[in-house]
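The values are calculated or read from the model by the stated rules, or taken from the named source; none is laboratory data. Predicted, not measured: the structure shown is a model, and the values here were computed from it. As a convention, Cβ positions derive from the backbone with ideal geometry for all residues, glycine included, and neighbour counts pool all protein chains shown.
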Amino acid sequence: MTEGTKRPILFVDVDGVISVFGFSPDAGDLPGPFHWIDGVAHCIPVDVGARLVRLSNRFQLVWATGWEEKANEYLPHILRLPARDLPCLMFQGQAVFGTAHWKLNAISEYAAERPAAWIDDSIDNACRHWADARDAPTLLVETESAVGITDEHVETLLAWADEVDPPPAAEAA
C-alpha cells in the first residue's frame, strides 16, 4: 500500500460466504463444523478464518451482513481473526433473503470514493449496476451458498487489490 492512501475495502457477507448452507448432508463430508449462534446452527468451514486473515493484509474488512453487530459478537472468535471488532454496516431491518440490493445504500455510503470489493452469495443486477456506475475501482465476487469463500476467491481479490493499490516493493518481493 502506498503511503498516505487507505487500503481498499472488502465488504464481507456472512450467510453463503462464511456460513454455508444448501449443501447436501447426504453427499458425504460436511463442508465444516456447526456452530450454534443465537439458537441457529451455522456450518462454517475451517479454512474460512485463514482466508479472511490473508485478505485483511490487503483490505479493510467490513461486515456487510444482515447479522449486523452480531457478526462481531461471534465470528472473530470462531474464525480466529486478529481483529475483534471489524466495522459493521447497519441496515435497519431492510434485509431481503435471496438478494443483496438492500445493502447498496449502506455500502455506497461507507465506500464513498475508495476502491471497494464486495463478496456475497446474492449479487443481483442492481448490485452490478451500482458497481459499474462507481467512479472508484469496484469488484463484485459472488460465492455459491453451499461452498462459500474459496481459495480462488481469495486469489481473485488479492490480485485485484494489487492492481488498484500495488504493495510497496518490499511487500511484493
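If I ask for residues that are surrounded by 18 or more Cβ atoms within 10 Å (Cβ to Cβ) and either closer than 17 Å to Glu73 by Cβ or without any contact (Cβ under 8 Å) to a residue 40 or more places away in the chain (or both), which ones from region 38-47 would you list?
His42, Cys43, Ile44, listed by residue number.
Are there any pairs with C-beta distances below 8 angstrom linking a residue in region 10-30 that is more than 13 Å from Ala146 (Cα to Cα) to a residue that is aromatic (Phe, Trp, Tyr) and surrounded by fewer than 19 Cβ atoms within 10 Å (Cβ to Cβ), with the two at least 6 apart or on different chains, and if so which?
Phe11/Tyr110
Every residue in region 111-127 that is free of Cβ contacts under 8 Å to residues at least 60 places away in the same chain and farther than 9 Å from His101 by Cα, please.
Answer for region 111-127, where residues must be free of Cβ contacts under 8 Å to residues at least 60 places away in the same chain and farther than 9 Å from His101 by Cα: Ala112, Glu113.
Among the candidates Trp160, Trp130, single out the residue that is in contact with a Leu (Cβ under 6 Å, 6 or more places away or on another chain), within 18 Å of Lys6 (Cβ to Cβ), in contact (Cβ under 8 Å) with a residue 12 or more places away in the chain and surrounded by 15 or more Cβ atoms within 10 Å (Cβ to Cβ).
Trp160
Given the conditions (1) free of Cβ contacts under 8 Å to residues at least 24 places away in the same chain; (2) under 16 Å from the mean Cα position of the chain (by Cα), and given that His77 satisfies all but one, which numbered condition is not satisfied?
The single condition His77 does not satisfy is (2).
Among the residues of region 12-26 satisfying the criterion of being at pLDDT 90 or above and outside any loop (DSSP other than H, G, I, E, B), which is surrounded by the most Cβ atoms within 10 Å (Cβ to Cβ)? Reasoning before the result, please.
Pass one, region 12-26, residues at pLDDT 90 or above: 12-21.
From what's left, outside any loop (DSSP other than H, G, I, E, B): 12, 15, 19-20.
Working: Val12: 23, Asp15: 19, Ser19: 26, Val20: 24.
Once the filter is applied, the top-ranked residue is Ser19.
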